[in-house]
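Bear in mind these aren't lab numbers, they're just calculated from the coordinates by the rules spelled out. Quick caveat: nothing in here was measured; it's all calculated off a predicted structure. FYI the Cβ positions are ideal-geometry reconstructions off the backbone, even for glycines, and counts take in every protein chain you see.
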Amino acid sequence: MEPVASNAKCCPSSTSLLLSSSLLALVLLLLLAQLPSMASCHEEMKSIDVGQRVLPVRLGRPAFGPESLAFDHRGDGPYTGVSNGRVLRWRGARRGWTEFAHNYKHETVAMCAAKKRLALPESECGRPLGLQFHRASGDLYYADAYLGLMRVGRRGGLAEVVATDAGGAPLNFVNGVDVDQETGHVYFTDSSATYQRSDYIMIILTGEATGRLLRYDPATGSAPTVLASGLSFPNGVALSADGTHVVVAETTRCRLLRHWLRGPAAGTTEPFADLPGYPDNVRRADAGAGGYHYWVALNRDKSWLANGTTPRSVAAVRVHGETGAVTEALRGLGNATVSEVVERPGGALWLGSVDTPYVGLLKVDDL
């Protein structure tokens, strides 16, 4: 299918690594030269000022960067992938975080062994990003940016690699994941055919658009199907409530896309929501009576290029599930980047971040 038409580029994704000051300056200069006016059309959205109300649920050293969050079929968790290549599970305040899953490198590469607590380059031992459970089977699927699409059973342990290529091309930068609970299909993104996560900044500097949206069918176990290609840094992905389409974050174009799976538009991709910043992961939250919305985490809002991070900076937005309207914004998180927002029954929000040594929890009473 034809790639979605390009808009002006935005800025780095929240799947980022920490930039050196000189490289960051270069990026800012290049992006400012390309960006149109940043006048916002989102002034009407309601603001939720978080301030210092986020409770940090800290990880154990040397792990950091809980990029994505998932809860199992019992509602236990969250589970999250971290910088040392492992998936951890939160067991409550008394037991804390325990290891739930690891990949083959942790058993075959000495420096990746559990007893090693070195802070190694993430490409050496793997880097889990998006993750989601299939509740009926108990399987957890997760995107390892370097190793491919992974799966581990409900008891955890050694994860297996279920996909390393699609459409005759290798998976190069596996990123976001969601699971259709009815069919078991796994939807995920491959952010670039050219650059891996460690070189993500080159996707921005070159303006390349080689990302893909894919679907894996565990019933067949065959190579994933390529649903859409030619995407600019496709990142998080979320299935709609009725299963007719998936929503994909296109980070460098500051927008959400909608790819139709069923109906008269099946197989086509269209713009869905214009965002006030640079999106990372997308999570759907059902609101009862058939209503639903998406929480979209923003690594930075658009004003960051000119003003830096301020108390008014937008860290995440809530998007109407049917219209794509941006209705609410989380503000006031300071310099902490947000890579995912998961809304739990009762309204509490769990916040993931690729840059922090903790998961954030914002209780419903604080909203």
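Going 7 Å from the Cα of S47 along its beta-carbon direction, which residues of the range 278-311 have the amide nitrogen within less than 18 Å of the resulting point?
Answer for this model: 278, 298-311.
Quick check: from the Cα gyration tensor, does the range 91-190 come out rounded (a/c under 1.5), prolate or oblate?
On the way: a/c = 2.09, a/b = 1.16, b/c = 1.79.
In terms of gyration-tensor shape, oblate.
Once label points are set 7 Å from the Cα along Cα→Cβ at both R344 and T220, what is their separation, rounded to one decimal in nm?
3.8
Under the Karplus relation 6.51 cos²θ - 1.76 cosθ + 1.60, θ = phi - 60°, what is the ordered set of whole-Hz ³J(HN,Hα) values for the range 97-114, x standing for Gly and Pro?
With coefficients 6.51, -1.76 and 1.60, one gets 8, 10, 6, 10, 8, 9, 9, 4, 5, 6, 9, 10, 10, 4, 6, 9, 4, 4 Hz.
Restricting everything to alpha-carbon atoms, can you work out Rg to Rh for the range 115-259 with a Kirkwood hydrodynamic radius? Mind showing how you got there, number by number?
Values: Rg = 14.8 Å, Rh = 15.4 Å.
A ratio of 0.96.
Which value does Rg/Rh take for the chain over its C-alpha atoms, Rh per Kirkwood?
On the way: Rg = 18.8 Å, Rh = 20.2 Å.
Taking Rg over the Kirkwood Rh, I get 0.93.
Looking at the range 21-366, send over the antiparallel percent of its DSSP beta bridges, to the nearest 5.
Working: 80 of 86 bridges.
Here the antiparallel bridges make up roughly 95 percent for the range 21-366.
Describe numerically, in nm with one decimal, the distance between label points set 7 Å from Cα along Cα→Cβ at H73 and at T244.
3.0
Pull out the extension gain between S198 and N335, defined as 0.36 nm times the separation in residues minus the alpha carbon to alpha carbon distance; nm, one decimal. If you can, show how the numbers build up before the last one.
Working: separation 137, 0.36 × 137 = 49.32 nm, distance 2.16 nm.
That works out to 47.2 nm of additional length.
Which far-off residues, 5 or more places away or on another chain, put their amide H under 5 Å from the one on H245, with H placed in the peptide plane?
Excluding prolines and chain starts, which carry no amide H, the hits are S240, L261.
Tell me which residues come under 5 Å, amide H to amide H, from K302 once H is placed; ignore anything under 5 positions away on its chain.
G277
With just the Cα atoms defining each centre, how far is the range 132-150 from the range 209-223? Give it in Å.
13
Starting from a Cα-only point model with no solvent, please compute log10 I(q)/I(0) by Debye for the range 247-367 at q = 0.14, 0.15, 0.21 1/Å.
-0.59, -0.68, -1.22
Each residue of the range 182-188 in turn: what ³J(HN,Hα) in whole Hz from Karplus with 6.51, -1.76, 1.60 and θ = phi - 60°, glycine and Pro shown as x?
Rounded to whole hertz, the list is 7, 9, x, 5, 10, 9, 8.
Taking H as built 1.01 Å from N, whose amide H comes closer than 5 Å to the amide H of D165, not counting residues under 5 places away?
When sequence neighbours closer than 5 places are left aside, the close amide H contacts are L171.
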